[in-house]
Amino acid sequence: MSDEVDLFVIGAGSGGVRAARIASGYGASVMIAEEYRVGGTCVIRGCVPKKLLVYASRFHEEFEDAAGFGWTLPEPKFDWATLIANKDKEIDRLEKAYTSNLERSKVKIVKSRAVLTDPHTVKLLATGETVRAKRILIATGGAPSLGKDIEGHEHVISSNEALHLKELPKRILIQGGGYIAVEFAGIFNGLGSEVTLVYRGDNILRGFDEEVRNHLRAELEKRGIKILTKKIVEGIEKVDHGLDVCLSGHDQIVVDQVMFATGRRPNVKGLGLEAAGVKLDERGAIAVDEFSQTNVPHIHAVGDVTDRIALTPVAIREGHAFADTVFGKKPVRVDHANVPTAVFSEPEVGVIGLTEAQACDTLAKVDIYKTSFRPMKATLSGRDTRVFMKLVVDGTSDRVVGAHIIGPDAGEMIQLIGVAVRLKATKADFDATMAVHPTAAEELVTMREKFATHVRQAAE
Ligand code: NDP
């Protein structure tokens, strides 16, 4: 036995790091184990590198749009290797910052895979040492799930590999219709690849407002992304000139790269959960209560491994709330309602709260306000694109219960609307707010005309 700690955190991603630092601040002795790189999915192979690539991809339109504003540019050239090297440098810097923040907080970092051998003991596979912990936090995140093995599955990459490709593929097929699929479709399209998106359902972004799904699909198609719906990849064969992909319905397409963005699964395998007696839920995630406590009272879990809402800020909140509750003696529940979110597609999507359909299913009366307009910049650039905005209002209380935006900076806008929705702002509050002119966001406070009212028929 080498050590004994108050808290052992498995996984130095967003949730684990926050929990470790806050717990240490309350005086707990904390050790955190990470088998890969400090920072986790968000920093190392998720949100951050992805957003850097999104920025890179958007220059494409900027260069084109500049002409309408009088600029003449030499033919822009893009170098993938430079982008990846610069992105990697920034990720290294962030990893160091995360590491030094942990060290400053007096958290001991161990670079090892950690496995539970009983409810209080963690084994560090790198050294074989064991650590006794009064409490354990599992924050191991998730990993890409590539579905069942198909013929040629060895040719499939996930978003992890997409961030490290040696060269930009000329042609890429992306399977999936969720966040990662549409974001990477935008990245590769903007950087100059020919992109085909293959989705098994009838429209991308299942779960989002129907009009958001339709509008975004149309915008992606305007930019040249080919979207094939009601199709799946059935097999892949390597041929001289690329990868020959066989789709359901006997369709065939040859590309240089195939990426699957078909969801992520909680990282629970080989963690020793059985030895510790920790139970999973029916989706294979660690089952926790509202305080992120598992069925074993001194073992908690936060973030994607619990598959509640797989978003970085949610994991951070859960990690912080755990530390406050357990070590700060201030019980804190994380409110998982009304979480604003953005899809960094091109154009961007920002949403919060209920879709029109969800509101109609749950509220007696629903008012819908919406607008679609050409953004001001497009007037001179001549770009064929439209912004879309929708407010879903509880017709009984006048509260804004949902906001849906597609267009430039939708992510920035929805962050601020999140405050208003949280404060239970009414449509009258939106109307009373002075517009900022000329902006796109002003449309959110100037939507005077009701587009529709839905009244739910009382059950007989
Ligand atoms: P999503 O769950 O968003 O999407 C998965 C997609 O893959 C869906 O379209 C799903 O179809 C499809 N799919 C699933 N299984 C199969 C299969 N066997 N064959 C074919 N298609 C399949 O997952 P992502 O991987 O895109 O992202 C994971 C999570 O990460 C997101 O849910 C989000 O919470 C988070 N994330 C957040 C981001 C952000 O905040 N901007 C960015 C990236 C990720 P169907 O709809 O029919 O189920």
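Each value in this text was obtained by applying a stated rule to the coordinates, not by laboratory testing. The shown structure was predicted, so the numbers you read here are calculated from the model rather than taken from an experiment. Glycine gets a Cβ as well: all are built from the backbone with ideal geometry, and neighbour counts include every protein chain shown.
Considering Cα pairs under 8 angstrom that are at least six residues apart, work out the relative contact order of the chain and quote it in whole percent.
RCO, the chain: 16 percent.
Neighbour counts of other C-beta atoms within 10 Å: give me Phe63, Phe208, Phe388 arranged from fewest to most.
Exposure proxy ranking, most exposed first: Phe63, Phe208, Phe388.
When ranked by the protection proxy of mean other Cβ atoms within 10 Å per residue, highest first, what sequence do the peptides 94-107, 21-34 form?
Answer by packing, highest mean first, reads 21-34, 94-107.
Can you compute the charge dipole magnitude of region 60-155 about its Cα centre, using +1 on each Lys and Arg Cβ and -1 on each Asp and Glu Cβ, nothing else charged? Give it in debye, rounded to the nearest 20.
With only Lys, Arg, Asp and Glu charged at Cβ, the dipole is about 1320 debye.
What is the dipole size for region 409-460, taken about its Cα centre, with +1 at each Lys and Arg Cβ and -1 at each Asp and Glu Cβ, in debye to the nearest 20?
Using Cβ point charges on Lys, Arg, Asp and Glu, region 409-460 gives about 260 debye.
At a 10 Å Cβ-Cβ cut-off, how would you order Leu163, Leu247, fewest neighbours first?
By the 10 Å Cβ count, ascending: Leu247, Leu163.
Which residue, chosen from Gly141, His153, Pro169, occupies the Cα position most advanced towards the positive end of the dipole of region 129-183, where the dipole is computed from +1 (Lys, Arg) and -1 (Asp, Glu) charges on Cβ about the Cα centre?
Gly141
Once you list every other residue whose beta carbon is under 10 Å from the beta carbon of Thr229, what net charge do they have if Lys and Arg are +1 and Asp and Glu are -1?
Once positives and negatives cancel, what remains is +3.
Tell me, how many Å apart are the Cα centres for region 304-321 and for region 208-230?
Here the answer is 29 Å between Cα centres.
Would you give the gap between the C-alpha center of region 111-143 and the C-alpha center of region 434-452, rounded to a whole Å?
Taking the Cα centre of region 434-452 as reference, the centre of region 111-143 is 52 Å away.
Largest first and in whole Å, what are the equivalent-ellipsoid semi-axes of region 220-277 based on the Cα gyration tensor, each being the root of 5 times an eigenvalue?
Semi-axes, largest first: 34, 16, 12 Å.
How big is the Rg/Rh ratio for region 347-460, C-alpha atoms only, Rh by Kirkwood, two decimals?
Result: Rg/Rh = 1.00.
Using only Cα atoms, figure out Rg for the chain and give it as a multiple of 2.2 N^0.38 Å. Don't skip to the answer; put the middle values down first.
On the way: Rg = 23.9 Å, N = 460, 2.2 N^0.38 = 22.6 Å.
Taking N as the residue count of the chain, the ratio is 1.06.
Quick one: putting +1 on the C-beta of Lys and Arg, -1 on the C-beta of Asp and Glu, what dipole do you get for the chain around its Cα centre, in Debye to the nearest 20?
It comes to approximately 1060 debye.
In region 258-320, which trypsin sites (Lys or Arg not before Pro) fall in coil by DSSP and have 11 or fewer other Cβ atoms within 10 Å?
Of the trypsin sites (Lys or Arg not before Pro), the ones in loops of region 258-320 whose Cβ has at most 11 other Cβ atoms within 10 Å are Lys269, Arg283.
Would you list Phe322, Phe184, Phe291, Phe59 from fewest to most Cβ contacts within 10 Å?
By the 10 Å Cβ count, ascending: Phe59, Phe291, Phe184, Phe322.
Quick check on the chain: helices-only [θ] at 222 nm, where DSSP H runs of length 4 and up contribute -39,500 (n - 2.57) each and the sum goes over total residues. Nearest 500, please. Present the calculation step by step, with values, prior to reporting the outcome.
Details: 12 runs with 138 residues, N = 460.
So the helix-based figure for the chain works out to -9000 deg cm²/dmol.
Need the full-extension length gain, Ser248 to Phe59, defined as separation in residues times 0.36 nm minus the C-alpha distance. One decimal, nm.
Gain on stretching Ser248 to Phe59: 64.5 nm.
From Cα coordinates alone, what are the radius of gyration and Dmax values for region 200-331 in angstrom?
21.0, 64
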